[in-house]
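The values are calculated or read from the model by the stated rules, or taken from the named source; none is laboratory data. Every value quoted in this text rests on a predicted model; they were computed, and no experiment measured them. So basically every Cβ, Gly included, is an ideal-geometry build from the backbone, and we count neighbours across all protein chains shown. When the accessible area is computed, the model is the full protein with side chains, heavy atoms only, and any ligands, DNA or RNA have been set aside. Shrake-Rupley method; radii C 1.70, N 1.55, O 1.52, S 1.80 Å.
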Amino acid sequence: MLTTETVFCPLPAPRQLEDTGLPADLVLQIVTKTLHLAGELSGTQLSERLGVTFQIIEPALALLKREHHCEISGGTVLGGPSFKYRLTDTGRIRAVLFLEHDHYVGALPVPLDQYNVYMSQFVREAAQPTREAIRQAFSHLVLNRRVLDQLGPAIAAQHSLFVYGPPGNGKSVISQAIRDVLPGDMAIPHAISIDGHIIRIYDPVNHQRVETLIDDPGLERRDVPDGRWVRCRRPLITAGGELTMEALELGYSPSSRLYNAPLQVLANGGVLVIDDFGRQQVPPQVILSRWIVPLESRLDFLTLRTGQKFVVPFHTFVVFATNLKPSELVDEAFLRRIHYKVLAESPSVDEFTQIFENYCRAKRLSFDRSLTEHVVNNELRPRGIKIRACHPRDLVEQSLSIAAYLNLPRVLNTDLLSEACATYFVEDRDIATA
């Protein structure tokens with residue numbers, strides 16, 4: 001079951017081995033490898049590392065002791081959880097054999113079917129973002145009401161979104177801000193298990209962990225969250241021009257004999273931003289072809305190196321952001337697969353002024369409207385350059401760098417902005433040669 005309110009974690013934790021859905025042999029392997037690498041652990045320490053209660057790993061320890069592969073090296077008279085365990089010489093030999101299969105140690109993996117059930121229930125029970133929440137999430141950006149009202153239904157549907165428009169108008173920032181609209185946290189398993197193959201899911205680089213206080217005296221013991229899962233914010237995964245097709249399939253490490261989840265699985269329940277879409281080494285048609293079925297069916301098909309295929313939920317909000325013309329990227333049939341399209345237009349002069357003022361306030365600089373009038377009338381228009389939303393930030397930063405280099409006061413003025421423009425914009429003219 002899921003928790004109430006906005007925290008989505010599987011409850012309760014499994015109480016016996018059968019509740020984990022894992023075969024006893026897999027638990028035995030992970031217990032043995034963990035003891036082999038740690039040297040010596042108490043029953044409590046071992047169960048904490050595996051993310052389960054001692055009762056679940058106790059049968060594995062009992063088997064190891066019975067076969068003289070493990071011994072009790074210390075502890076108190078309080079029972080199994082307080083005893084200290086270590087492998088014998090024959091136990092270490094057995095651990096080496098297990099390590100030849102794979103090098104996985106850590107929290108017990110979650111079976112694929114339990115992961116699928118959780119994701120389906122999570123999506124079904126997750127709260128929908130409101131119009132007010134969307135406006136609040138984008139309040140730090142200067143966007144006209146039309147763009148916000150187009151983003152709203154797309155975010156509520158959480159299907160797919162195509163954000164396009166001229167460069168420098170905040171497409172990437174808009175795409176990344178979508179995650180802040182999605183309410184609640186979710187649970188991400190450390191790893192999932194498929195017929196003995198282990199796939200790592202939780203990634204501390206891409207997932208933002210939310211600490212959970214389980215020692216709250218008001219929290220009943222049976223409601224302690226399942227330690228095989230990690231409570232995280234909704235994922236936000238961003239891939240740019242470096243994206244390859246390999247990143248969309250299972251990765252396999254021959255050295256550890258473990259699988260790594262593809263980007264869309266890492267982003268399950270959250271947002272996957274394909275930035276600079278169309279500038280990858282892979283043609284955009286190939287990337288979209290990979291996702292035609294998942295975008296429609298909300299299911300993705302992955303393949304193990306043995307050739308075995310399996311299905312995982314595809315509850316990923318995919319956002320494509322590009323400054324290229326959509327018609328030059330893909331044909332109408334492909335665009336139809338992406339349900340929502342939003343044009344990020346260049347700002348008006350008033351919006352440009354508001355962006356400039358906001359950034360000055362953020363940098364604790366005094367603002368005068370004459371500064372933006374100078375930039376627009378004396379720098380941009382004579383050069384034939386269109387207003388972009390990124391110009392205020394970039395020109396202010398460049399002006400401050402120039403002032404620091406010249407040892408001038410940290411105050412914006414037209415001279416600094418003109419000097420910044422001279423080094424920021426490219427002069428599109430023939431360069432004289434000797």
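Here are some residues: 150, 208. Which one is in contact with a Phe, Trp or Tyr (Cβ under 8 Å, 6 or more places away or on another chain), farther than 30 Å from residue 17 by Cβ, open to solvent by 30 Å² or more (accessible area, probe 1.4 Å) and modelled with pLDDT of 80 or more?
Numbers: 208 fails: in contact with a Phe, Trp or Tyr (Cβ under 8 Å, 6 or more places away or on another chain).
Within the list 150, 208, the selection yields 150.
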Exercise for review: Give the residue that is surrounded by the most Cβ atoms within 10 Å (Cβ to Cβ), with candidates limited to residues of the stretch 295-311 that are within 26 Å of residue 177 (Cα to Cα) and at pLDDT 90 or above.
Suggested key: 300
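Would you confirm, using the coordinates I've provided, whether residue 157 is under 14 Å from residue 319 (Cβ atoms), at pLDDT below 85 and surrounded by fewer than 16 Cβ atoms within 10 Å (Cβ to Cβ)?
Details: under 14 Å from residue 319 (Cβ atoms): yes; at pLDDT below 85: yes; surrounded by fewer than 16 Cβ atoms within 10 Å (Cβ to Cβ): yes.
The answer is yes for residue 157.
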Review point. Mind checking which pairs have a first residue in the stretch 32-56 that is in contact (Cβ under 8 Å) with a residue 24 or more places away in the chain and closer than 18 Å to residue 74 by Cβ and a second that is among the hydroxyl-bearing types (Ser, Thr, Tyr) and not in a helix (DSSP H, G or I), Cβ under 8 Å, 6 or more apart or different chains?
Key: 35/85; 40/73; 40/85; 41/85; 42/85; 43/85; 46/85; 47/53
Check your understanding: For the stretch 120-146, how many residues meet the condition of being surrounded by fewer than 21 Cβ atoms within 10 Å (Cβ to Cβ), in contact (Cβ under 8 Å) with a residue 24 or more places away in the chain and part of a helix (DSSP H, G or I)?
Key -> 7
Practice item. Test residue 289 against the criterion of being open to solvent by 20 Å² or more (accessible area, probe 1.4 Å) and either in contact with a strand residue (DSSP E or B) (Cβ under 8 Å, 6 or more places away or on another chain) or closer than 24 Å to residue 177 by Cβ (or both), and give yes or no. Key: no
Review point. Do any strands (runs of 3 or more DSSP E) entirely within the stretch 224-335 hold 1 or more residues that are polar (S, T, N, Q), and if so, which?
Key: 236-239, 251-253, 258-260, 299-303, 317-322
Review point. Among the residues of the stretch 9-24 satisfying the criterion of being touching a Ser or Thr at 6+ places or on another chain (Cβ under 8 Å) and open to solvent by less than 20 Å² (accessible area, probe 1.4 Å), which is modelled with the lowest pLDDT?
Key: 9
Exercise for review: Hey, could you check the stretch 325-352 for residues that are aromatic (Phe, Trp, Tyr) and at pLDDT 80 or above and say which is surrounded by the fewest Cβ atoms within 10 Å (Cβ to Cβ)?
Suggested key: 340
Check your understanding: If the Cβ limit is 9 Å and pairs must be 6+ apart or interchain, which residue in the stretch 336-358 that is within 15 Å of residue 157 (Cβ to Cβ) pairs with which residue that is polar (S, T, N, Q)?
Key -> 337/160; 338/160; 339/160; 340/150; 340/160; 341/150; 342/150
Exercise for review: Give the residues of the stretch 25-46 that are open to solvent by 10 Å² or more (accessible area, probe 1.4 Å) and among the small types (Gly, Ala, Ser), sorted by residue number.
Suggested key: 38, 39, 42
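Can residue 104 be described as surrounded by 20 or more Cβ atoms within 10 Å (Cβ to Cβ), over 20 Å from the mean Cα position of the chain (by Cα) and not hydrophobic (A, V, I, L, M, F, W, C)? Step through it out loud before you land on a result.
Values: surrounded by 20 or more Cβ atoms within 10 Å (Cβ to Cβ): yes; over 20 Å from the mean Cα position of the chain (by Cα): yes; not hydrophobic (A, V, I, L, M, F, W, C): yes.
Yes; evaluated as a whole, the condition is true for this residue.
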Check your understanding: Restricting attention to the stretch 270-282, does a residue exist that is over 16 Å from residue 162 (Cβ atoms) and either open to solvent by 10 Å² or more (accessible area, probe 1.4 Å) or more than 20 Å from the chain's Cα centre (by Cα) (or both)?
Key -> yes
Check your understanding: Taking the stretch 345-381 as the region of interest, how many residues are within 18 Å of residue 140 (Cα to Cα) and either touching an Asp or Glu at 6+ places or on another chain (Cβ under 6 Å) or not β-branched (Val, Ile, Thr) (or both)?
Key -> 19
Review point. Is it true that residue 392 is under 19 Å from residue 167 (Cα atoms) and free of Cβ contacts under 8 Å to residues at least 60 places away in the same chain?
Key: yes
Check your understanding: Within the stretch 171-194, is even one residue of a type in the set (Ser, Thr, Tyr), over 30 Å from residue 353 (Cβ atoms) and open to solvent by less than 10 Å² (accessible area, probe 1.4 Å)?
Key -> no
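Can you name every residue in the stretch 180-207 that is in contact with a Lys or Arg (Cβ under 7 Å, 6 or more places away or on another chain), under 17 Å from residue 256 (Cβ atoms) and of a type in the set (Gly, Ala, Ser)?
Taking the stretch 180-207 as the starting set, the residues that turn out to be in contact with a Lys or Arg (Cβ under 7 Å, 6 or more places away or on another chain) are 182, 185-187, 189-191.
Among the residues that remain, those that are also under 17 Å from residue 256 (Cβ atoms) are: 190-191.
191, the sole residue that qualifies.
Out of the residues in the stretch 157-171 that are small (Gly, Ala, Ser) and part of a loop (DSSP other than H, G, I, E, B), state the one that is nearest to residue 129 (Cα to Cα).
First, the residues of the stretch 157-171 that are small (Gly, Ala, Ser): 157, 160, 165, 168, 170.
Checking the rest, the ones that are also part of a loop (DSSP other than H, G, I, E, B) come to 165, 168, 170.
Details: 165: 25, 168: 27, 170: 22 Å.
Going through the qualifying residues, I end up with 170.
Does the stretch 368-380 contain at least one residue that is out of contact with any Ser or Thr (no Cβ under 9 Å at 6 or more places or on another chain) and more than 18 Å from residue 422 (Cβ to Cβ)?
Going residue by residue through the stretch 368-380, those that are out of contact with any Ser or Thr (no Cβ under 9 Å at 6 or more places or on another chain) are 368, 377, 380.
Right, trim to more than 18 Å from residue 422 (Cβ to Cβ) and you get 368.
Scanning the stretch 368-380 turns up at least one residue that is out of contact with any Ser or Thr (no Cβ under 9 Å at 6 or more places or on another chain) and more than 18 Å from residue 422 (Cβ to Cβ).
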